[in-house]
Structures are given as structure tokens and as C-alpha cells.
Amino acid sequence: MRILLVNANTFSNPPCIPIGVEYAAAALRAHGHAVGVCDLWPHPSPLEELLRRLNAEEYDLAGVSFRNLDTAQAARYINFVPDLRVIVEELQKRGLPVILGGSGFQAMPREVLDYTGAEFGIDGPADLALPRFVAQFDAARGAWMGAPAEARIVNAHVMGINPDFAPERAVDIYYPAYIAKGSVAGFATQYGCGGACEYCVETRAAHHMRNPAAVAAELKALCAQGFDDYHLCDAEFNINLEHCHGVLDAMAGARLPMRWALYMKPVPCDAALLDGLRRTGAYLVTLSVDSAAPARGQYSWDDVSFALDGLRDRGVKCAVDLTVGLPGEDIGSVRRAIEFFRAARPEKVNVNAYLRVYGGTRLEALLRSQPELHAHLDDELPPGPPLFRLFYNQLPLPELKAMLGDDPVFKLEGFDRGTNYELFHD
Ligand code: B12
């Protein structure tokens, strides 16, 4: 079958190499399909580029990768669903059925499908699910088209991944254009997170780990093309310590000429993980911390110190993404967190007090069951899942600013520019 894969993500703060598209394209090609990739990001007029491709080439099906539903930041809020709808409509005008995928789609699959009018969606990794969908498409198309929306969304989280899949990268996407604008290459060692943070869209995703040898092989091929600067594309690296050790050993064994930045949480963590990071060229960890977590018994401030000190001892920089003001959180635990980091002094602490309320999260469920929390919303809770802007803020900005004072270690997330890897690049 002839399939056009479109990268719909044209957001540039910072630009993101669409690795999900690369994975989807490689998976389809491995099953013998003819795949064209249309990356809209480099084009000043993305729609014109899409039309140009559609006029010049013939396809049977279009897949659109939707990476971000929105920016998730209250102070710089942009919702990308209306732009997606325009792309879907253009594809449909050409008679192409559209299948959506990507992390923005997964954030609220049913609502995005309904709003854009796309025919199908894959909720989860494409590796196995997309080729299976395409294999059945011709035979099942008629029945599928008339099915209700739920039945037109494939649950790929349960289907999982092929852990040994190591897609060829930097074939369809022109990396140098992204790198020139401040992007770095990404790589993933696992999918999902297994966590239960009330505000996060990823808690619905099942956790699947890749084979460390496949990760190292993919990186080796990318490094051989001259790419030496990376960002990890796992929700958090240290979900399973044994897997971390395996990945780090495979990377070290492959002697990769690279450096990388990654997300981690405070636990689990041990000396072997920290040593492995240093050995494999990790230069920056963004540590995700919720100020409410220690009081709720999820980890202790000693655990946070272990990670911070361990990284510092090994010369790995550490920035903290600190989320404060979870529903029901006591102001005392926010104060405790701020005083902790004022003393611990990582490179930076990005403080976020605005939680985007996504449909299907525990935060949405809490708001439905506890109307007294609505006082902290920046708009009315709609009757259905909030596809558009809705933020929960329990700690007013002036109060938070007063608590932080003028200490330069703190930065207000969403108000100041720059992601961690852009700020702490050597
Ligand atoms: C690493 C990361 C970053 C890094 C990226 C570094 C880099 N060079 O790649 C940085 C820090 C730069 C970043 C920035 C942002 N990020 Co970010 N990021 C991630 C993270 C952790 C990994 C993304 C990734 O590449 N995954 C690996 C790839 C392989 O997976 P994937 O893209 O999902 O693709 C798979 C499937 O989705 C599917 N698929 C993909 N495309 C398609 C297409 C079709 C047709 C099909 C069927 C399937 C399919 O198959 C693929 C593989 O099998 C995710 C969370 C997560 N765990 O995914 C958040 C995440 C994607 N980011 C998010 C956000 C909001 C942002 C920002 C907007 C934040 C901000 N305000 O600045 C920016 C956007 C930048 C941009 N230009 O798009 C949100 C998006 C959710 C939402 N609200 O819509 C996420 C989900 C985090 C979260 N939990 O909220 N991010």
C-alpha cells in the first residue's frame, strides 16, 4: 500500500526532530509498504507544502503524526488541534482516509478524533500496531468506516512493541535543518512510564522496554552519520533500574561518540546508574520532582539529595522541574521544597504551579468529584473532557514569587524562555 506520513508539528520552541514519524515509516517499510514522508516543520507555509506533495504523488492512506496537543504552559498557551483539523481536511478532500497517531493524539484520542474528523487513530506505539492496521485495511475498510469512534481507535498500548526493532533514522527527515535551529537528535529506550502523577497524560500508557542492544545499534548508526548530541525521549529514564543498567552497559560497550541529556525522577537510583550516566556522556539530567511527593511517601528529600549529590560528584549537571500546588497539597510542603532546593542548589529549579487539566487524568476525575476545587480553575470545567485550555492553579503567582524571592536558582516555568538542554549546553 502507498502511505503518506505527515509530520504536523511545526512548533519551534525548540524544534523537535519527529522521531515518531521515523519509527512509523520504518515499521511500515519493514512490511513492504511504499512510504512517503512529508515533514511540514521546515516549510514557512506548511499547507502549501502538503498540497504540493499531494498534487505530485499518489497515495492510498495518510497517517498524521500529532506530537503536541498543546504547549501545556499557562503563560504561553497554544492549542494545536485546530491546525491539525485543517491538515486532516485537506487530506480527506483528496480522498485519503486519515489515521492519526503521536503523543498529542494519545493525550486525548477520542476528543482529537472527533474534533478533527479523522477516520482512525492509533493510541500508542506504531511499531506493531500500524503495520497490522494497514494489513487489514483493504479488507476491513468498509466495516471500519461506519464504526463508532471508540472502535476506530486502536489501543496499541496493549499491543506493545517489538523490543528488537532498531529503525533506520535520519533517512526521511533532514536533521541538519533542525540542528541548525537548536534541536538535538532524540532516542528512546522505552515507552510509557508506569507512574501515577495526577496531572499527566502518560499514566494511561503501558510500560514497554526496548532491548538495550537495539538502542545501542540505533545510536551507533546515528553516530556514524555524524550526530553526536542527543536528548533521551523516555518519559523518565529510571523507571526500571535493571533496564537502565542494561542500556548504559550496551551504550558504553558500543563506545558511542555522543553526549546526551535526559529526564529522571529521584527514585529508583543507585551508584551504578549514576556511574553509567557519566561513562556514556550524559551531561545534563532534568530531575522531575513534585513538592507534595515526600509528604505523600513517594520518595524522601534524602532520595532527592542522593541523586543531586551523586550527579554533582560525577560532573553531570542537574536541573530540576519542580511541580508545586497539587490538589490538596499543604502550603507547608511547597515551602519545604523551596527551602530544600535553595540550600541544595542544583543548576536551576523550574517551578511550575499551573497544571493543565487533560481529559482522562486523575486530576480531571478529582475535579469532577470535588466541586470545591473548581475555585482554582482558570475557566469553567466543561461537561466533557477539556480539549482546550483549562489550568488548575492552587498557589497564586504573587504568593509563589514571594516565596522564591530573587534567588537566581529558581525560574518560573512558562514565563522565562529556554528548555534545560538549551540553557545548559556546554
Ligand atoms: C523528550 C521530550 C521532549 C524533548 C524533545 C527532545 C528531542 N530532541 O526530541 C523537549 C524537551 C525538547 C520537549 C519539548 C516539548 N515537549 Co516534550 N516530550 C518529550 C517526551 C519525553 C518524549 C517524546 C518522544 O520523542 N518520544 C519517543 C517517540 C518515539 O515517541 P512518539 O513521538 O510518541 O512516537 C510514537 C507514537 O506516538 C506513535 N506515533 C508517532 N507518530 C505517529 C504517526 C502515526 C500515523 C501513527 C499511527 C503513530 C505515530 O508511534 C511512535 C513510535 O512507535 C514526551 C513524553 C513521552 N514519553 O513521549 C514529551 C511530550 C511529547 N512533550 C510534551 C510537550 C507539551 C512539549 C512542549 C510543547 C513543552 C513546551 N511547552 O515547551 C515542547 C514541544 C517542542 C516541539 N517543538 O514539539 C507533551 C505532549 C502532550 C501534550 N500536551 O500535547 C509530552 C507527551 C509530555 C507530557 N507528558 O505531557 N519534549
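When the criteria are applied in full, Gly195 meets the requirement of being within 13 Å of the ligand (Cβ to nearest atom) and either under 19 Å from Phe66 (Cβ atoms) or not assigned by TED's automatic domain parsing to the domain that holds Pro18 (or both).
With the structure loaded, tell me whether Asp321 is under 25 Å from Lys411 (Cα atoms) and open to solvent by 30 Å² or more (accessible area, probe 1.4 Å) or whether it fails that test. Against the criterion (under 25 Å from Lys411 (Cα atoms) and open to solvent by 30 Å² or more (accessible area, probe 1.4 Å)), Asp321 qualifies. Taking the criterion of being among the hydroxyl-bearing types (Ser, Thr, Tyr), surrounded by 15 or more Cβ atoms within 10 Å (Cβ to Cβ) and in a loop (DSSP other than H, G, I, E, B), the residues of segment 276-316 that qualify are Thr280, Ser291, Tyr299. Contact annotation: residue pairs with Cβ atoms under 8 Å, 6 or more positions apart or on different chains, pairing a residue in segment 26-41 that is on the phi < 0 side of the Ramachandran plot and part of a helix (DSSP H, G or I) with a partner that is of a type in the set (A, V, I, L, M, F, W, C) and open to solvent by less than 20 Å² (accessible area, probe 1.4 Å), are Ala27/Leu130; Leu28/Ile3; Leu28/Leu5; Leu28/Leu130; Leu28/Val134. Taking the numbered list (1) in the same structural domain as Gly246 (by TED's automatic domain parsing); (2) surrounded by 15 or more Cβ atoms within 10 Å (Cβ to Cβ); (3) small (Gly, Ala, Ser); (4) under 28 Å from Gln73 (Cβ atoms) in turn, Ala214 passes all entries but (4).
Among the residues making up segment 55-79, those that are more than 7 Å from the ligand (Cβ to nearest atom), open to solvent by less than 30 Å² (accessible area, probe 1.4 Å) and under 30 Å from Leu355 (Cα atoms) are Phe66, Ala74, Asn79. Kindly indicate whether Ile161 is hydrophobic (A, V, I, L, M, F, W, C) and closer than 26 Å to Arg356 by Cα. So Ile161 fails the test.
Residues in segment 80-115 that are β-branched (Val, Ile, Thr) and open to solvent by 20 Å² or more (accessible area, probe 1.4 Å): 1 in all. Out of curiosity, is Gln136 open to solvent by 10 Å² or more (accessible area, probe 1.4 Å), more than 9 Å from the ligand (Cβ to nearest atom), of a type outside the set (Ser, Thr, Tyr) and under 16 Å from Val154 (Cα atoms)? When the stated conditions are applied, Gln136 passes them. One residue stands out among those in segment 370-384 that are of a type outside the set (A, V, I, L, M, F, W, C) and within 21 Å of Asp290 (Cβ to Cβ): the one that is nearest to the chain's Cα centre (by Cα), which is Asp378.
Scanning for something hydroxyl-bearing (Ser, Thr, Tyr), more than 30 Å from Lys181 (Cβ to Cβ) and out of contact with any Asp or Glu (no Cβ under 6 Å at 6 or more places or on another chain), does segment 388-396 turn up at least one residue? For segment 388-396, residues hydroxyl-bearing (Ser, Thr, Tyr), more than 30 Å from Lys181 (Cβ to Cβ) and out of contact with any Asp or Glu (no Cβ under 6 Å at 6 or more places or on another chain): present.
Taking only pairs six or more apart or across chains, which ones have beta-carbon atoms under 8 Å, a first residue in segment 90-101 that is assigned to a loop (DSSP other than H, G, I, E, B), and a second residue that is modelled with pLDDT of 95 or more and open to solvent by 30 Å² or more (accessible area, probe 1.4 Å)? Pairs found: Leu96/Tyr59; Leu96/Asp60; Pro97/Glu119.
State yes or no: is Glu413 out of contact with any His (no Cβ under 8 Å at 6 or more places or on another chain), modelled with pLDDT under 95, of a type outside the set (A, V, I, L, M) and closer than 28 Å to Tyr115 by Cβ? Judged against the criteria, Glu413 is a match.
Each residue in segment 124-159 was checked for being without any contact (Cβ under 8 Å) to a residue 60 or more places away in the chain and either part of a helix (DSSP H, G or I) or out of contact with any Gly (no Cβ under 8 Å at 6 or more places or on another chain) (or both), and 22 of them qualify. Taken as a whole, segment 338-353 holds at least one residue that is among the aromatic types (Phe, Trp, Tyr) and part of a helix (DSSP H, G or I).
Do you know which of the residues in segment 139-180 that are assigned by TED's automatic domain parsing to the domain that holds Asn7 and among the charged types (D, E, K, R) is most open to solvent (accessible area, probe 1.4 Å)? The qualifying residue most open to solvent (accessible area, probe 1.4 Å) is Glu150. In segment 211-236, the residue that is farthest from the chain's Cα centre (by Cα) out of those that are in a loop (DSSP other than H, G, I, E, B) and within 10 Å of the ligand (Cβ to nearest atom) is Glu236.
The values are calculated or read from the model by the stated rules, or taken from the named source; none is laboratory data. Just so it is clear, the model here is predicted, and its values are computed rather than measured. Methodologically, a virtual Cβ is constructed for each residue, glycine included, from the backbone with ideal geometry; neighbour enumeration extends over all protein chains shown. Areas reflect the complete protein model, heavy atoms only, side chains present, ligands, DNA and RNA absent. Shrake-Rupley method; radii C 1.70, N 1.55, O 1.52, S 1.80 Å.
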